[in-house]
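Before any comments, here is the structure.
The values are calculated or read from the model by the stated rules, or taken from the named source; none is laboratory data. No experiment lies behind these values; they were computed from the predicted model shown. Reconstructed Cβ throughout: ideal geometry from the backbone, glycine too, with neighbour counts over all protein chains shown. All accessible areas refer to the heavy atoms of the entire protein, side chains included, with ligands and DNA or RNA removed. Shrake-Rupley method; radii C 1.70, N 1.55, O 1.52, S 1.80 Å.
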Amino acid sequence: MALNLTHQTGAAAMTGTPPMGSRPALLATPAPAAVSGTGAGMARSGSSNSLRLQAQTVEPAQAQATDFHQAMTQDREAEHPDLAGEEARKVGVPVYVMMPLDTVRKDGSALNRRKAMKASLAALKSAGAKGIMVDVWWGIAESEGPGQYNFAGYIELMEMAKKNGLKVQAVMSFHQCGGNVGDSVNIPLPKWALEEMEKNQDLAYTDRSGRRNFEYISLGADSVRALKGRTPIQCYADFMRAFRDHLAPYMGNTICEIQVGMGPAGELRFPSYPESNGTWGFPGIGEFQCYDRYMLSSLKAAAEAVGKPEWGNGGPGDSGSYNQWPEDTNFFRREGGWDSEYGQFFMSWYSQMLIEHGERILAASSAVYNGMPGVKVSVKVAGIHWHYGTRSHAPELTAGYYNTRNHDGYKPIARMLARHGAVLNFTCVEMRNHEQPQDAQCLPEALVQQVANAAKEAGIGLAGENALPRYDETAHDQVIATAAEKAEENRMVAFTYLRMGPDLFQPDNWRRFAGFVKRMTETGVRDVCREQVEREAQGVAHATQHHIHEAAAALVN
């Protein structure tokens, strides 16, 4: 998650569609599915036990009000007979909106604030949004015990999205909610998994001081059968398979994307800058997370393989602490150890561990989702833009991105995603260099461009998010310039707006958001003058005022 100093507080098939008058809440308690191996060649062996489905009747989502966006389309159709063709030729960037972190109740049984959800989705559709993004929390949907899944609340949301004509990006969130920027609620890992981590604390990421981090299982333990007889990768694979099976009626039509969680905050990175308990604060460099026994065992083997066993005892001892700056340390300073033979060895190993973790999880997700028409897979990479202007790029290094003045750290990640046909999702798209603290050498624009170049070279799609809640036109203009106002081959494939909540539905913010969506989605079709955008956005705001007032009030309560 990208930051700035102004904000430091912060992804057996059922058949048929549920009857329109009811929603099935699905609960399955199969034995854990067997998975052979945890490497890149991982394959699912056999078919898992059939899922026993239990249906309960829940209040159906009501039909929503007339879609103002559709009404405008019909009005313009009279003036432009070829409107259908024009719509088909749109080459802009579709906009999705992140749902609240606590969209589904902690017991998984239903939605929180159902009234707000109904009004919000109707309003988003009217504004021209393509869809929504929602976290599918491991700590909610498999909380009762290993292999006991409850996706009832998520099925309710999918049905509601379907009725509103919205697509869904579903995030397989294998991390804890709480302790990172913007985390407003606390959703830990499943209790049964935490019990195993308490018994074997080397399953947790560990820093040089021995401090344990329980927000995501250490990637060093990916192949360790430490979770009630399963490896973490097997748990993730089983969870994704259960989601696919329970949500089968929505896969490919409503659910268009699976974003696979890879680490803290759902991002492919190490938890090098945790905010919990005041451990880290922006713009600190963070710390290496390689001191659990599984990571140390791998480091020792790597050092012995290059004939330098003395390099295998731990990370660099002179790399400083969480809140220091690069020049405060011997390792990260301008002519520091990061560029020595040892530094290059350590960073190559550390970053490769992260890439291999991504390979393992994507191999598992490919076994589940490949061959499903209309469903793509994506992976989120963190936008660590502070100290980007230095030679060592220290905060990126501690997070696992071997990106320095002399070494491109994003091309290997993009190539790994390309091997699995995954989209690269990147953040801090709304940020401008001059808005950030200059003494911390923050260069978000340069970072976004570097990642875009890596994605283009690898031949994969690049999607974007804003790192912090922004409702002003300055931020909107930057997103549009970065994501949409490009040659067609350089445009982002999607943009996800952070986040749905009371602030978004404040009248001025909502009007600006409606204009932003129009500019994003119609870029490349024709020149859209700002005055026309303002008029149409005002029309959306007027037509949806009942929905947004209802949603804003319900989201606060």
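In plain terms, the C-alpha convex hull of the stretch 132-273 casts an average shadow of 8.6 nm² when viewed from every direction.
Please work out how much accessible surface residue 268 shows to a 1.4 Å probe, ignoring ligands, DNA and RNA, in Å² rounded to 10. For residue 268, solvent-accessible area is about 0 Å².
Placing +1 on the Cβ of every Lys and Arg and -1 on the Cβ of every Asp and Glu, with no other charges, gives the stretch 417-557 a dipole of roughly 320 debye about its Cα centre. Think of the stretch 133-228 as having a plus end and a minus end, set by charges on the Cβ of Lys, Arg, Asp and Glu; of 218, 169, 197, 169 sits farthest toward the positive end of this dipole. Taking other residues whose beta carbon is less than 13 angstrom from the beta carbon of residue 229, and scoring Lys, Arg as +1 and Asp, Glu as -1, yields +1. Putting +1 on Lys and Arg Cβ atoms and -1 on Asp and Glu Cβ atoms, find which of 342, 229, 302 reaches farthest to the positive end of the dipole of the stretch 225-346. Of the candidates, 229 comes out farthest on the positive side.
A cut-off under 15 angstrom between Cβ atoms defines the neighbours of residue 193, and their net charge, with Lys, Arg +1 and Asp, Glu -1, is -3. With 31 Å as the limit on Cα-Cα distance, the pairs of 380/518; 300/456; 118/518; 106/300; 125/411 that go past it are 300/456; 106/300; 125/411. Residue order by solvent-accessible surface for 125, 380 is 125, 380, largest first, with ligands and nucleic acids left out and a 1.4 Å probe.
Label the stretch 455-557 by shape, choosing from rounded, prolate and oblate, from the square roots a ≥ b ≥ c of the eigenvalues of the Cα gyration tensor; if a/c is under 1.5 it is rounded, and otherwise prolate applies when a/b is larger than b/c, oblate when it is not. Note, shape of the stretch 455-557 comes out oblate.
Taking 0.36 nm per residue of sequence separation and subtracting the Cα-Cα distance, how much length would be gained by fully extending the chain between residue 352 and residue 418, in nm to one decimal? Here the answer is 22.2 nm.
If you take every residue apart from residue 300 with its C-beta less than 11 Å away from the C-beta of residue 300, what net charge results, scoring Lys and Arg +1 and Asp and Glu -1? For residues surrounding residue 300, the net value is 0. Residue 244 exposes around 40 Å² of accessible area when a 1.4 Å probe is run over every protein chain in place. Give me the distance between the Cα centres of the stretch 279-331 and the stretch 109-135, rounded to whole Å. The two parts, judged by their Cα centres, are 43 Å apart. When 474, 404 are compared by accessible surface with a 1.4 Å probe, the order from highest to lowest is 474, 404. Judged by the gyration tensor of its Cα atoms, with axes a ≥ b ≥ c, the stretch 466-520 is prolate; a/c meets the 1.5 cut and a/b is the larger of a/b and b/c.
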